[in-house]
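Asks: Below are the structure tokens for one structure; questions will follow.
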Amino acid sequence: MDMDRTIASDQKRVLLLMSPATYRAGAFLSAAKKLNLAVVVGIDLPETLSEYWHVPLGLDFANPQASVRTVVEYAHEHPLHAVLSVDDSASELAAHANAALGLAQNSPRAAEAARDKLLMRALMSQGGAPCPVFRPFYLRDDPAEIARQVNYPCVLKPTRLSGSRGVIRADTPAEFVAAFQRLKRLLLHEGHSEHETVFLVEDFIPGFEVALEGLLTHGQLKVLALFDKPDPLDGPFFEETMYVTPSRLPAETQAAIAHCVSVAARSLGLQEGPVHAELRVNEQGPWMLEIAGRSIGGLCSTVLEFGAGMCLEELILRHAVGEEITGVERENSAAGVMMIPIPSAGILKAVRGVEEAKRVPLVTGIEISAKLNYPLVPLPEGASYLGFIFARGETPAAVEAAIRQAHSLLHFEIRREIPVLRPV
């Protein structure tokens with residue numbers, strides 16, 4: 001994007017913060033073009049690399065203070081109407097930048113709470129949002145000693161990783177020790193300190209999992225979509241696969257879910273912009289797992305369409321620049337997406353059956369995002385999927401069946417050549 005081009009007097013400028021590997025760039029840039037917004041892209045690259053690659057606005061997300069200064073300096077010459085992070089990677093940076101520029105968005109404290117699961121759990125508990133019993137421990141602690149203190153089944157969870165990375169269920173003390181060692185290897189591999197890094201142990205909450213996509217305006221939640229997750233997520237790892245909307249849960253249950261998310265958002269201090277919440281529902285009602293101050297990840301947002309053909313990213317951008325949001329009712333048809341799971345570690349050598357899978361009735365598209373001859377790492381260490389399957393139809397059941405049929409026709413040749421992670 002050319003940051004220095006002259007824009008019309010009535011045109012608004014938005015800074016989009018993103019990592020180089022994000023799936024979301026295209027959707028946000030297309031929506032901004034449709035809305036006639038001037039877009040500046042802030043990429044997570046240190047200054048030396050951004051200069052080398054001729055990136056107009058390189059920002060080091062790991063150094064938020066310096067990045068905020070860079071954004072403020074830029075805004076002095078090129079006024080900004082909004083700063084948005086397109087995914088988790090810069091949500092806190094966006095909050096700090098908005099605060100420095102006096103723009104209406106979530107506070108830095110709320111953005112931190114939506115990223116740090118320990119702070120999130122503490123605030124949810126204080127605010128009355130139903131959530132699992134939790135306890136923090138350090139990587140330096142003795143796993144055998146912890147294993148004697150916790151309830152079973154339990155879930156070990158890192159405080160900062162996303163996409164279910166490092167989340168492992170344990171049903172016995174022996175399984176706990178094994179899960180602890182695996183989580184520790186992952187976090188040390190990621191550069192975390194053994195003596196300073198905290199992780200969570202939570203009681204496992206049984207039930208049916210759902211995801212809520214919403215938009216906050218002055219703290220008021222508007223539900224944009226509620227997704228069922230038809231595949232059971234009982235562990236030992238928690239790889240999300242399928243999202244289908246509208247939800248097939250009873251109306252009163254859906255209302256209870258929306259209320260639960262509203263309480264959770266208020267507990268964290270989230271006031272503005274998109275939220276993506278994950279919950280479990282059982283006979284006791286809904287339970288909050290997580291809430292993020294961003295929209296749904298990956299390419300999943302493409303299944304959502306609102307009044308007059310508006311996409312989710314267009315809604316988010318309109319809201320960010322202060323436009324009144326109307327006509328946010330989702331289209332009537334059912335829609336779904338599968339994040340194709342990685343079955344095993346190795347090198348992806350071939351993908352077969354894509355054309356046959358695309359011909360399955362109701363399937364609207366298949367995107368294979370994994371690259372041939374590149375390594376694949378499944379959960380709990382991995383951070384990606386093989387790709388996405390999209391479908392639309394009259395009913396959620398028909399959409400789910402179409403996605404499952406298409407997935408059954410896909411065949412991935414994976415050569416098992418690499419270990420998941422080297423032992424510490």
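The values are calculated or read from the model by the stated rules, or taken from the named source; none is laboratory data. Given the structure is predicted, the values throughout are model-derived calculations rather than measurements. Neighbour counts run over all protein chains shown; Cβ positions are idealised from the backbone, glycine included.
Asks: Closer than 25 Å to Glu196 by Cα, surrounded by fewer than 16 Cβ atoms within 10 Å (Cβ to Cβ), in contact with a strand residue (DSSP E or B) (Cβ under 9 Å, 6 or more places away or on another chain) and in contact (Cβ under 8 Å) with a residue 60 or more places away in the chain: is that true of Pro132 in this structure?
Replies: Spelling it out, it is not the case that Pro132 is closer than 25 Å to Glu196 by Cα, surrounded by fewer than 16 Cβ atoms within 10 Å (Cβ to Cβ), in contact with a strand residue (DSSP E or B) (Cβ under 9 Å, 6 or more places away or on another chain) and in contact (Cβ under 8 Å) with a residue 60 or more places away in the chain.
Asks: Condition (residue is of a type outside the set (Gly, Ala, Ser), surrounded by 14 or more Cβ atoms within 10 Å (Cβ to Cβ) and in a strand (DSSP E or B)) applied to the stretch 352-361: is it met by at least one residue?
Replies: no
Asks: For residues in the stretch 323-373 being basic (Lys, Arg) and more than 24 Å from the chain's Cα centre (by Cα), which is farthest from Leu304 (Cα to Cα)?
Replies: Taking the candidates together, the pick is Lys349.
Asks: Let me ask something additional. Quick check: anything in the stretch 309-321 in a helix (DSSP H, G or I), modelled with pLDDT under 95 and of a type in the set (Gly, Ala, Ser)?
Replies: Yes, the stretch 309-321 contains at least one residue that is in a helix (DSSP H, G or I), modelled with pLDDT under 95 and of a type in the set (Gly, Ala, Ser).
Asks: Do the conditions hold for Val328, that is, is it part of a strand (DSSP E or B), touching a helix residue (DSSP H, G or I) at 6+ places or on another chain (Cβ under 9 Å) and either modelled with pLDDT under 95 or surrounded by 17 or more Cβ atoms within 10 Å (Cβ to Cβ) (or both)?
Replies: No: the conditions fail for Val328.
Asks: Can I ask one more? May I ask you to list the residues in the stretch 242-300 that are within 15 Å of the chain's Cα centre (by Cα) and either acidic (Asp, Glu) or in a helix (DSSP H, G or I) (or both)?
Replies: Those that are within 15 Å of the chain's Cα centre (by Cα) and either acidic (Asp, Glu) or in a helix (DSSP H, G or I) (or both): Glu278, Glu290, Cys300.
Asks: From (1) closer than 22 Å to Cys260 by Cα; (2) surrounded by fewer than 18 Cβ atoms within 10 Å (Cβ to Cβ), pick out the condition that doesn't hold for Gly102.
Replies: Status for Gly102: all satisfied but (1).
Asks: On to the next question. Take the stretch 363-397 and flag every residue that is assigned to a loop (DSSP other than H, G, I, E, B) and not aliphatic (A, V, I, L, M).
Replies: Ser369, Lys371, Asn373, Tyr374, Pro378, Pro380, Glu381, Gly382, Ser384, Tyr385, Glu394, Thr395 - these are the residues of the stretch 363-397 that are assigned to a loop (DSSP other than H, G, I, E, B) and not aliphatic (A, V, I, L, M).
Asks: Give just the number: which of (1) in contact with a helix residue (DSSP H, G or I) (Cβ under 8 Å, 6 or more places away or on another chain); (2) more than 24 Å from Gly297 (Cβ to Cβ); (3) at pLDDT 95 or above does Glu355 not satisfy?
Replies: (1)
Asks: Please go through (1) over 19 Å from the mean Cα position of the chain (by Cα); (2) over 21 Å from Ser295 (Cβ atoms) for Pro230 and return the number of the only condition it doesn't satisfy.
Replies: If we test Pro230 against (1) over 19 Å from the mean Cα position of the chain (by Cα); (2) over 21 Å from Ser295 (Cβ atoms), just (1) comes out false.
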